[in-house]
Amino acid sequence: MTRAAVITIDGPSASGKGTVAARVAEALGFSLLDSGALYRVLGIAARKQQLNLGNHQQLAQLAADLKIEFGNAGPGSVWLNGEDVSLEIRTDAASKLASEVGAIPAAREALLQRQLEFRQPPGLVADGRDMGTIVFPNAELKIFLTASPEERAQRRYKQLIAKGIGAILPDLLRELKSRDERDSQRAVSPLRPAADATILDTTRLTIDEVVTRVLVLAAASMGDGTP
């Protein structure tokens, strides 16, 4: 069987990678992996069980045992142990938890195999922070999205307000900058573009423009194999 093609879309928080990845996957008929959701769910599960994040062995076991389901209640929905956590995982608190557990090697190793299992024909679009550098280093196409911190904070603010989640813009900007620093300086899988990634600054681009650019790059990288 021919190996399933992979497109990785990495980048910092609120760079647009989740929305772009979903639309690219839909356009190509590929599966979608939202790796950030896995880390957010793990962080929430650890909090619900009052697990000490310093206990790496217990955290890794929790990661291995998580019952996570995607899409049960439509695109973008995420379920943890039979509970809909779709809104909960998109809060600022969940983002902070995801960053904290993502810096723990044992947690990343426990979730790695789960991510690899998403690679199925005809292909996969995987978004996250280390998809192109660690999880799928041999991906056919690697994209790294970025944007100014101010633009990303504004995007996150609008997303949360639209979902009925309270947010304060200056606090979001401060936490976003803090997370950028944690993610880029952590010892394990630091946030950085792969050496062979195409970097797209989305600060002044619409989602449609970014999706179009990625699809053009996909067609060029996969040739006739692109649906």
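Of note:
- Order of 84, 127 under a 10 Å beta carbon neighbour criterion, fewest first: 84, 127
- R0 of 22 Å, Cβ-Cβ distance residue 184-residue 51: FRET efficiency to nearest 0.05: 0.25
- Under a model in which nothing but the beta-carbon of Lys, Arg (+1) and Asp, Glu (-1) is charged, the chain shows a dipole of about 340 debye around its Cα centre.
- FRET efficiency for the pair residue 83 and residue 171, taken as 1/(1 + (r/R0)^6) with r the Cβ-Cβ distance and R0 = 35 Å, rounds to 0.85.
- The range 127-221 shape via C-alpha gyration tensor axes, a/c threshold 1.5: oblate
- Estimated FRET transfer efficiency (residue 154, residue 206; beta-carbon r; R0 25 Å; 0.05): 0.95
- Based on the Kirkwood approach, the hydrodynamic radius assigned to the range 38-151 is 15.2 Å, with every pair of different Cα atoms included.
Quick note: the coordinates plus some simple rules give every number you see, no bench work behind them. Remember, it's a predicted structure, so these values are computed and weren't measured experimentally. Glycine gets a Cβ as well: all are built from the backbone with ideal geometry, and neighbour counts include every protein chain shown.
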